[in-house]
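One structure below.
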Amino acid sequence: MTIRRAEERDMDGINRLLVQVNMVHHLGRPDLFRRGGKKYTDEQLRALIHDDSRPIFVAAGEEDQVLGYAFCIFQEHPNDNILTDIKTLYIDDLCVDEDLRGRHLGRRLYEAVKAFAKEQGCYNLTLNVWSCNPKAMGFYEHCGLKPQKVGMETIL
């Protein structure tokens, strides 16, 4: 397996995994997530692949098929009234094919993103995880992440 920046030729594999992620979220929160959807249109995904401020990484198999991905976003807050001006790499979405989970591909993908963030001079690496996805929460805790903030809701 190799981990590299995503290219347009990876779109079908990425789209397949985007549907898998959406289904996990739909099953956990059908009140918020539609069945069968995906986060990005092909046009949006194509633009993201070429946007260096939002790098996407893929874990590619021996035949260069997409086994997993990590969508990232650089975040900074220059001249903010309250936040310090640090550079953060935010993992917007990380997924490993559901048939390959438990084989440490996700950990390797996470570690590659972490190394990239260090190379880019980032202060930290952040992400959000839905509380309806305890497997993902456990995975991130196992990788050494700790809660930074907690989102809360009440349904009316």
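The values are calculated or read from the model by the stated rules, or taken from the named source; none is laboratory data. Remember, it's a predicted structure, so these values are computed and weren't measured experimentally. With ideal geometry, Cβ positions are generated from the backbone for all residues, glycine too; neighbour counts draw on all protein chains shown. Only protein heavy atoms, including side chains, enter the accessible area calculation; ligands, DNA and RNA are left aside. Shrake-Rupley method; radii C 1.70, N 1.55, O 1.52, S 1.80 Å.
With all protein chains in place and ligands, DNA and RNA left out, the 1.4 Å accessible area ranks Val113, Val150 as Val150, Val113, largest first. With θ taken as phi - 60° and the Karplus curve 6.51 cos²θ - 1.76 cosθ + 1.60 applied, the whole-hertz 3J(HN,Hα) list for region 9-24 is 5, 8, 4, 4, x, 5, 4, 4, 6, 4, 5, 4, 4, 4, 5, 4 Hz, x standing for glycine and proline. Remark on region 92-156: ratio of C-alpha radius of gyration to 2.2 N^0.38 Å is 1.26. Ellipticity at 222 nm from helices only: DSSP H runs of n ≥ 4 in the chain, each -39500 (n - 2.57), divided by the residue count, give -10000 deg cm²/dmol. For Arg108, neighbours were defined as the other residues whose beta-carbon sits under 14 Å from its Cβ, and their charges (Lys and Arg +1, Asp and Glu -1) total +3. Projecting label points 7 angstrom from Cα along Cα→Cβ for Arg35 and Thr88 puts them 3.5 nm apart.
Kindly identify the chain as rounded, prolate or oblate by the Cα gyration tensor criterion: order the square roots of the eigenvalues as a ≥ b ≥ c, call it rounded if a/c is under 1.5, otherwise compare a/b with b/c, prolate if a/b is larger, else oblate. List each step's numbers first, then the result.
On the way: a/c = 1.40, a/b = 1.09, b/c = 1.29.
Judged from the Cα gyration tensor, the chain comes out rounded (a/c under 1.5).
Protein heavy-atom surface of the chain, 1.4 angstrom probe: 51% of the accessible area is carbon and sulfur, with nucleic acids and ligands not counted. Computed with a 1.4 Å probe over protein heavy atoms only, the accessible area of Tyr69 comes to about 0 Å². Loop-located trypsin sites (Lys or Arg not before Pro) across region 14-91 with a Cβ neighbour count of 12 or fewer within 10 Å are Arg34, Arg35, with loop assigned by DSSP. Note on the chain: Lys pairs 8 or more places apart or on different chains, Cα atoms under 27 Å apart, count 20.
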